[in-house]
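The values are calculated or read from the model by the stated rules, or taken from the named source; none is laboratory data. Predicted model only: the values in this text are computed from it and were never measured. Positions of Cβ are backbone-derived with ideal geometry, glycine not excepted, and every protein chain shown enters the neighbour counts. Accessible surface areas use protein heavy atoms only, side chains included; no ligands, DNA or RNA. Shrake-Rupley method; radii C 1.70, N 1.55, O 1.52, S 1.80 Å.
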Amino acid sequence: MEKEITGTTGLTGLLGRPVAHSISPLMHNESFHLLGLDYRYLCFDVGTKELETVVEGLRAMGARGWNLTMPNKNLMCELADELSPASEISGAVNTVVNDHGKLIGYTTDGIGYMRSAKEAGFDLIGKTMTLLGAGGAATAILVQAALDGLKEIRVFNIKDKFYERLEEIAEKLNQRTSCKVSVHPLPDDDALRCSISSSDILTNATGVGMAPNIDACIISDASFLRPDLIVSDVIYNPRETKLIKMARKLGCPTFNGLYMLLYQGAASFELWTGEKMPVDIIKEKYFK
């Protein structure tokens, strides 16, 4: 029987726009139920214009914590009282813990990626990565991977509005971690091919190949790959992007971004409750 809402039920939730499609309420509320925890998770359609007012309201009400999705992750950095190292370096927050009125900001997206890689059987510590992209997912992966102990990360992206910010993050990581981070412009097939040839893993953290544009691919052909290269794609719709199909046909070990979503949520859950999310049950119920 589901635990009733009480006068002490803790509030958690998601602030973003749009949020109606989110799977987060299902996975969090099911986890609260399974563990008998007196919390509920709700979605709130909130944009940057309303964010500060909403955050102060949640602080005043004693909400336990919340997640941020687009377009609120960067602004939440300015509203938090304290930031985790990953949030401070990346300039993004996707999880807030309200510690008796003190708002502590974290980013768990990179944690989700690193755990999904480990659960897929890949130990990336001490390895070299070629990372494609400079948006929110790419930045979260870059920062967490460097903090966790990858040897080298080479990031490729077009020279768009994110590129200069990416260079600043790379500089911080080179100063604060032992990981060697470099940034390279696209398109430059020769430099990309050279980087991939000496990398242990290729990670696509762009939206290239996402539905409905499923015939798009971030690399032009399979000659960039080799059978012992790990290939990952943060996209999970479709489950097999053109990149993943190309890699599997060549015999490369692969994984997609589906469980990154699960494990970033699991990290938030543990920050709020001190308990581990029952991920095996949640995976079976919502991620098949």
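Structure values in brief
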| quantity | calculated |
| --- | --- |
| Sorted largest first, extent of segment 106-201 alpha carbons per principal axis (Å) | 32, 31, 22 |
| Alpha-carbon Debye profile of segment 143-262, log10 I(q)/I(0) at 0.20 Å⁻¹ | -1.26 |
| Enclosed volume per residue, in Å³, of the convex hull spanned by Cα atoms of segment 30-174 | 131 |
| Electrostatic dipole magnitude of segment 97-180 [Cβ: Lys, Arg +1; Asp, Glu -1; Cα centre; debye, to 20] | 120 |
| The chain, accessible surface, carbon-and-sulfur percent (1.4 angstrom probe) | 53 |
| q = 0.12, 0.14, 0.16, 0.17 Å⁻¹, the chain: log10 I(q)/I(0) [Debye, one scatterer per Cα] | -0.77, -1.02, -1.28, -1.41 |
| Solvent-accessible ranking of Arg239, Arg154, largest area first, probe 1.4 Å | Arg239, Arg154 |
| Segment 1-112: C-alpha pair distances exceeding 23 Å, % | 26 |
| Under DSSP loop assignment and at most 11 Cβ neighbours within 10 Å, longest GluC sites (Glu not before Pro)-free interval of the chain | 5-288 |
| Dipole of the chain, positive end: most advanced residue of Met70, Leu83, Val181 [Cβ charges, Cα centre] | Val181 |
| Net charge over other residues, Cβ less than 15 angstrom from the Cβ of Gln264 (K, R count +1; D, E count -1) | +1 |
| Across Lys245/Lys288; Lys151/Lys283; Lys118/Lys180; Lys151/Lys276; Lys118/Lys283, pairs whose alpha-carbon gap is larger than 24 Å | Lys151/Lys283; Lys151/Lys276 |
| Heavy-atom accessible area per residue - the chain, 1.4 Å, Å² | 46 |
